[in-house]
Amino acid sequence: MLYTGNKKCDESVTDRPALAENTNVTQCGGDSMVILPRQSLFLLVCSLVLVCVLIGLLVPSPAQAGGAQPLLPGGSSLKPGEATPIQMAAEIITMNIRPATEADNALVTLAPKYYVCQTFPVWFPAITEVEAEFRMKNPTRNAVRMTAWFPLASALENVDWNLYRGEIVPRIETFQVSVDGNPVDYAVSELPNPKGADKLPLPWASFPLTFPGEVETVIHVSYMLPLQPSISGIEMSLYYIFNTGAGWAGPIGQAELILNLPYPASAETLAGIPSGGLRLPPFYWPSMQADLPSGAVLEGNQARWTWKDFEPGAEDDFAIWLLQPDKWQELETARTAVQANPQDGQAWLDLASTYHNLSGSDFIYFPPSAFSPIYLPPGIEAYQKAADLLPDHLAAHAGIALLTLAPYLMDKNAPPEVIQSVQDEFQIARELEAKNPSWAKEKSRSWWLLVWLERAFNAYFDNDVIPWVQRAAQEIASAALRETTSATPTEKLTLTATPMEKLTLTPTPVPSTTPQPPLATPPTTAETTGSGQSPVIIVAAGVMGLVVVVYLALKRLRKRAGK
């Protein structure tokens with residue numbers, strides 16, 4: 001068994017050849033211990049590059065806006081414009097999700113110069129067509145007249161709108177509403193942003209309603225939403241804000257959310273988002289695993305949830321990860337090829353590569369995908385089948401080793417038999433590489449798999465060098481998120497699109513005579529203004545880079561002293 005530092009080495013290692021040229025061999029309790037090359041210079045360069053990337057992400061400026069993702073709107077419940085006796089007897093939301101087409105680029109208005117997505121024919125991975133029915137009950141004998149509101153854009157409490165200075169807020173363009181089957185006109189008002197008067201205003205649709213006494217009124221709204229892609233390009237998020245409907249009298253009798261998907265509803269296509277874990281770009285990582293919202297019923301291509309006597313707060317807002325449709329199609333294509341010819345080693349290798357990509361690409365510099373726990377085991381099995389059919393193919397052995405080690409890279413808690421298995425496959429891959437120098441010369445995928453495997457193995461044993469940098473980057477991102485908002489570090493991230501309720505502010509002039517909903521007192525905590533550049537972020541990134549440089553330099557000196 002192979003370990004470093006104060007970990008014991010298995011006696012069986014003494015007879016093993018070195019895994020790479022210039023590999024150091026030391027003694028561990030009388031037994032040999034194999035240590036992979038340190039590659040300090042490589043880690044130093046990567047650390048500095050990471051620092052530069054962090055500064056580029058965390059320090060907004062007009063020149064850097066071109067690579068941003070748009071803050072896409074989400075689904076929401078209706079909000080009453082005032083205190084009311086009207087009850088929401090039922091809320092039924094149906095979301096029909098399909099792959100996006102080029103025509104769907106017009107679904108939201110974007111500022112072209114701000115988004116790299118506009119260099120592609122199709123901007124979004126998928127679209128959801130939303131149909132929502134609200135069954136409202138007037139328990140009094142008298143008719144009640146009022147105004148209802150619907151948010152056309154949604155935001156998170158912890159979003160630094162300075163990152164998108166000069167743009168308009170992407171909003172729903174296809175909103176339609178009817179009452180008891182009759183279409184109703186609505187007005188659009190730009191209301192102050194809950195993040196402060198210096199932030200971009202948020203658009204709301206409003207329309208008048210009359211609820212006859214002791215009669216149920218049915219309000220129907222429809223709109224289309226592009227789904228928000230994650231940085232990894234594997235997941236996309238879907239969210240629905242229930243808490244905007246909390247202002248109606250009493251609890252919601254029954255709320256039902258139905259997702260009709262373009263693929264089977266299962267753990268392969270749906271994943272949970274931790275409460276408060278949904279963050280809009282650029283801090284948009286599916287880095288934490290979570291179960292689906294409780295009560296999920298999965299049947300065929302449909303997933304649905306039902307809540308009774310529902311009194312929604314911010315913690316009840318709904319959010320999940322969905323697999324991007326093109327990724328599912330790639331998986332289905334690879335599976336079909338294997339089913340058509342089970343003895344085709346290349347088909348198995350292609351399937352393994354697909355599972356690998358769905359789990360995450362390298363597992364070192366970026367966190368695994370939200371679907372990593374689902375796709376890692378079949379990925380290992382597919383690589384193993386490819387190795388059985390193509391025993392001389394480097395990629396199969398390197399892939400087995402990398403996916404086997406991946407779940408343990410952060411916690412460093414791999415059982416001895418896992419490390420032994422990884423070492424065995426690494427050794428086979430190294431020997432195959434030596435026999436096929438063309439792989440390295442051509443920089444083939446097989447060669448890159450071996451490169452990532454060696455880096456992963458070094459990261460596991462090299463005293464947390466690469467994972468430490470990753471964790472530090474995540475800490476800086478979290479600090480930046482807190483720095484650029486009025487929320488305190490202990491506040492929970494909550495979805496909101498709700499105008500606040502005491503101080504009346506003048507909205508941006510629009511062609512509307514509809515009275516505005518009550519607004520709340522703006523945050524009193526001082527917020528960053530101007531260019532959005534934060535000395536705290538810059539200093540933190542610089543300190544991280546300096547620490548990495550000093551850390552690696554000291555390790556190199558200790559290594560030389562040891563010689």
**OP:** Quick one: which residues, 5+ away or cross-chain, put their amide H under 5 Å from the amide H of GLU216? H built at 1.01 Å from N.
**Re:** none
Subject >> In order through the range 221-228: 3J(HN,Hα) via Karplus (6.51 cos²θ - 1.76 cosθ + 1.60), integer Hz, x for Gly, Pro >> reply: 10, 9, 6, 10, 10, x, 7, 7
Original post:
What distance in nm separates the simple spin-label points at VAL218 and ALA337, each placed 7 Å from Cα in the Cβ direction?
Top reply: 4.9
Original post:
Label ASP291 and SER421 with points 7 Å out from Cα along Cα→Cβ: what is the distance between them in nm?
Top reply: 2.7
Subject >> In order through the range 201-215: 3J(HN,Hα) via Karplus (6.51 cos²θ - 1.76 cosθ + 1.60), integer Hz, x for Gly, Pro >> reply: x, 10, x, 10, 9, 9, 8, x, 9, 10, 10, x, x, 6, 10
Original post:
For the residue pair GLN254 and ALA197, what label-to-label distance in nm results when each label sits 7 Å from Cα along the Cα-to-beta-carbon direction?
Top reply: 4.8
Original post:
Of TRP439, TRP448, TRP348, TRP248, how do they rank once you tally other Cβ atoms within 10 Å and put the fewest first?
Top reply: TRP448, TRP439, TRP248, TRP348
Original post:
In sequence order, what are the phi-derived ³J(HN,Hα) couplings for the range 399-407 according to the Karplus relation 6.51 cos²θ - 1.76 cosθ + 1.60 with θ = phi - 60°, rounded to whole Hz, with x for glycine and proline?
Top reply: x, 4, 5, 5, 5, 5, 7, 3, x
Subject >> Stretchable slack from ASP411 to ASP180, in nm (0.36 nm times residue separation minus alpha-carbon distance) >> reply: 77.5 nm
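Between GLU102 and VAL188, what length in nm is gained on full extension when 0.36 nm per residue of separation is reduced by their alpha carbon distance? Walk me through the intermediate numbers first.
On the way: separation 86, 0.36 × 86 = 30.96 nm, distance 2.64 nm.
Contour length minus the Cα-Cα distance gives 28.3 nm.
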**OP:** State the extension gain, in nm to one decimal, for the chain segment bounded by SER438 and ALA143, taking 0.36 nm per residue of separation less the distance between their alpha-carbons.
**Re:** 98.1 nm
Original post:
Taking a spot 7 Å from the Cα of GLU133 along the direction of its beta carbon, which residues of the range 177-196 have an amide N less than 19 Å from it?
Top reply: 177-184
Original post:
Under 5 Å between amide H atoms, partner at least 5 residues away or on a different chain: which partners does ASN301 have, H built in plane at 1.01 Å?
Top reply: ALA265
Original post:
Applying 1/(1 + (r/R0)^6) with R0 = 22 Å to the Cβ-Cβ distance of ASP344 and ASP392, what FRET efficiency is obtained, to the nearest 0.05?
Top reply: 0.90
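At a 10 angstrom cut-off on C-beta neighbours, averaged per residue, how do the peptides 394-404, 193-203 rank from highest to lowest? Show your work: numbers first, answer last.
Details: 394-404: 27.5, 193-203: 19.5.
Packing proxy ranking, top to bottom: 394-404, 193-203.
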Subject >> Residues whose placed amide H lies under 5 Å from that of ILE252, excluding near-sequence neighbours >> reply: PHE310, GLU311
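Where a number appears in this text, it was derived from the coordinates with a stated rule and is not lab data. This one's a predicted model, so the numbers in the text were calculated from it and none came from an experiment. In this analysis, Cβ positions are derived from the backbone assuming ideal geometry, glycine residues included, and neighbour counts consider all displayed protein chains.
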